[in-house]
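Below you'll find the structure, written out as structure tokens, and then a few comments.
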Amino acid sequence: MAEPTTTTTYPSPLLKELQENGFTVIRSLLTPLELSTLRSAADSLTALARAGSWPYIRTVGKQFPPWPSVPPADGSGIWGVQHLLHPDLPLPKEDKDAFLKLYFSPALLAIAKQLLPEGTKDEDLVMELFNMLVRPDREFSLSWHRDDIPATCSAEEEKERLVPATEPRYHTQWNLSLVDNDTSLILVPKSHTRPRTDEERAAHLFEPNMPGQLVVALNAGDVAFYDNNILHRGVYSSQKERTTLHGSVGHVAGASSGKRARNVLQHGVGEWVERCDFSALGERGEAAREVAEGMRSRLVKMGAENKNVGFSLNG
């Protein structure tokens, strides 16, 4: 007699796609005005970071934190800018508020709630990371990796640490492009729930044609949500602009269990988050500001309960 088959049902088509494939793409999330405002703020901050006037950067030649606080002396540049919600961001208030309103936007949080455990409410959300990925001054690539599982792990260790497609995830990570033709994110669909195959394990860390890989192509205003332990890499061209907002939102169950602590706190967000000014969110009503305050308080609590978390990966 054949074994009965079971079918998993999902409350959201987006959650179904994320759980089964490891990523989902939403097109044209932003209005033209939002795009223009954010692009202006992003360009200003990127110029300051390239000039050495903002110390929280991702430098070419180093893939994982901690990063140096000044661009490389060889002129290779940066590939990212950290902490877009930092209270000391050297930008006009309207630019800082543009980043703030985007991270806590009802549209993004509504998607996040669909991708977190069923029934997630505003009071379950945790503020996590908000950074930016940019064009380097020379060609630069990230190796194939999972964000919180070292490449040195055995297949058995990978299987133990990966979350099955049928189980809830306590965070969601996203890339939102502010320019057209962003093709930097490359991933292997469905690899977020299984150990690497023998072929993937034997492949070079910078293998340009991993079997089954997919280039996630985004235009301005498109956003890709993905499991951060999907097998993925980034390929950065010095000849093509990239301005991609890169954020994550957590669930209180992941924060209280400590499962998200290292991935989030290793970036140093806990050092400044209590000084953030969320008053601009009051333009949407007091409830919107209270959502952000609650998300921050849950991040602060996670930091208080998890000290000296170290770093997820090296390199």
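The values are calculated or read from the model by the stated rules, or taken from the named source; none is laboratory data. Model, not experiment: these values are computed from the prediction. Please note: Cβ atoms are built from the backbone with ideal geometry, for glycine as well, and neighbour counts cover all protein chains shown. Keep in mind that these areas ignore ligands, DNA and RNA; they rest on the heavy atoms of the full protein, side chains included. Shrake-Rupley method; radii C 1.70, N 1.55, O 1.52, S 1.80 Å.
Brief remarks on what is shown
- Contour excess over end-to-end distance, with Cα ends at GLU118 and GLU20 and 0.36 nm allotted per residue: 33.7 nm
- Distance between the pseudo-spin-label points of ASP198 and ASP74 (7 Å out from Cα toward the beta carbon): 3.7 nm.
- Efficiency of FRET from Cβ geometry, GLU274 and THR9, R₀ 51 Å, rounded to 0.05: 0.80
- Taking a quarter of the surface of the Cα convex hull of the stretch 24-134 gives a mean projected area of 8.3 nm².
- A 1.4 Å probe run over the protein chains yields, for the chain, 45 Å² of accessible area per residue, whole-number rounding.
- With the largest listed first and rounded to whole Å, the semi-axes of the equivalent ellipsoid of the chain from the Cα gyration tensor are 29, 25, 19.
- For the stretch 158-315, the relative contact order works out to 28 percent when only alpha carbon pairs closer than 8 Å and six or more residues apart are counted.
- Normalised by residue count, the stretch 1-80 yields a Cα convex hull volume of 176 Å³ per residue.
- A Gaussian network model of the chain, with springs between Cα atoms under 10 Å, assigns the largest mean-square fluctuation among ARG284, ARG262, ARG161 to ARG284.
- Spin-label model, SER257/ASP43: points 7 Å from Cα along the beta carbon direction are separated by 4.4 nm.
- Taking Cβ atoms as reference points and 12 Å as the exclusive limit, the residues near LEU102 contribute a net charge of 0, counting Lys and Arg as +1 and Asp and Glu as -1.
- CD proxy at 222 nm, helix term only [per DSSP H run n ≥ 4: -39500 (n - 2.57); per residue of the chain; nearest 500]: -8500 deg cm²/dmol
- Spatially, the stretch 18-40 and the stretch 58-125 are offset by 14 Å when compared through their Cα centroids.
- Pairwise Cα inverse-distance average, inverted: Kirkwood Rh of the stretch 158-299 (Å): 17.7
- Separation of the GLU167 and SER297 label points, Cα + 7 Å toward Cβ, nm: 3.0
- Only lysine pairs 8 or more places apart or on separate chains count here, and in the stretch 82-204 those with Cα atoms under 22 Å apart total 6.
- Interatomic Cα distance distribution for the stretch 101-148, bins of 5 angstrom, percent: 4, 14, 19, 18, 13, 14, 11, 5, 2, 0
- Förster radius 41 Å - calculated FRET efficiency between GLU286 and SER238, Cβ distance, rounded to 0.05: 0.35
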